[in-house]
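The values are calculated or read from the model by the stated rules, or taken from the named source; none is laboratory data. It should be emphasised that the depicted structure is a prediction, and the values quoted were computed from it without experimental measurement. We place every Cβ from the backbone using ideal geometry, glycine too, and count neighbours over all the protein chains shown. Each accessible area value is taken on the protein alone, full model and side chains, heavy atoms only, with ligands, DNA and RNA left out. Shrake-Rupley method; radii C 1.70, N 1.55, O 1.52, S 1.80 Å.
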Amino acid sequence: MFQIGEVAVYPGHGVGRIESIEEKEFSGTKQSFYIIRILDTDMTIMIPIDGAQNAGLRCVIESNKVTKVYEILKEKNVTYDNSPWNRRYKEYMERIKSGSIYEVATVLKELYNLRHWKELSFGEKKMFEIARGLITKELSIALSKEEMKIEREIDKIFSAIENSSNELKSATNKGNGANKGNGTGKGKISTRAQ
């Protein structure tokens, strides 16, 4: 159970602070609720205490688990999913709403990789910024660092990947032509950067 003043992560919305615990009556039944103010948007959300776990409300990750997030972001396995955007969007939203920071990191990583194969649509860019914001806020709280420092760390990771990816693209194009997919419009192409 969370206490007033504690921070918690609400899937799809990010980190919020428990402002109060209130009892409300609906259809003659009293129920206790967490009143949470999301830090990035200032949105107030009311979550039943009994259903908080099912809703995915969780603690901010512990600082010793942050390295796994960075490992996901650093992974040099470059994947290009050429399925239609609406299919990817649905999958990405499910991952973001799962509440797992590791799933959000995977979405951020995949969208970052996709930028190397095609220009991101408006929706993809927005999803990229949402995933980046969720990770930045949670890691800044977990590590007690400023968000700008976390953003710089993520930028540094992606810069290193971009350099490696550019080298891979150049080698692929020289070797046997540009990789154009599997011809079906579905599926994934995966190559490992050295």
Among the listed pairs LYS74/LYS145; LYS74/LYS97; LYS125/LYS156; LYS24/LYS126; LYS65/LYS118; LYS90/LYS118, which have their C-alpha atoms separated by more than 29 angstrom in this model? LYS24/LYS126; LYS65/LYS118
Taking 0.36 nm per residue of sequence separation and subtracting the Cα-Cα distance, how much length would be gained by fully extending the chain between TYR102 and SER159, in nm to one decimal? 18.5 nm
Net length gained if the chain between LYS125 and GLU94 were fully extended (0.36 nm per residue, minus Cα distance): 9.5 nm
Exposure rank, largest accessible area first [MET1, MET148; 1.4 Å]: MET1, MET148
How high is the FRET efficiency between THR67 and PHE26 when r is their beta carbon distance and R₀ equals 35 Å, given to the nearest 0.05? 0.20
Phi to ³J(HN,Hα) by Karplus 6.51 cos²θ - 1.76 cosθ + 1.60 over region 135-148, Hz, x for Gly, Pro: 5, 4, 5, 5, 5, 5, 6, 4, 9, 6, 10, 5, 4, 4
At q = 0.12, 0.14, 0.26 Å⁻¹, what log₁₀ I(q)/I(0) does region 91-150 have when each alpha carbon counts as one equal point scatterer in the Debye sum? -0.29, -0.39, -1.05
Subtracting the Cα-Cα distance of ILE45 and SER144 from 0.36 nm times their residue separation yields 33.2 nm
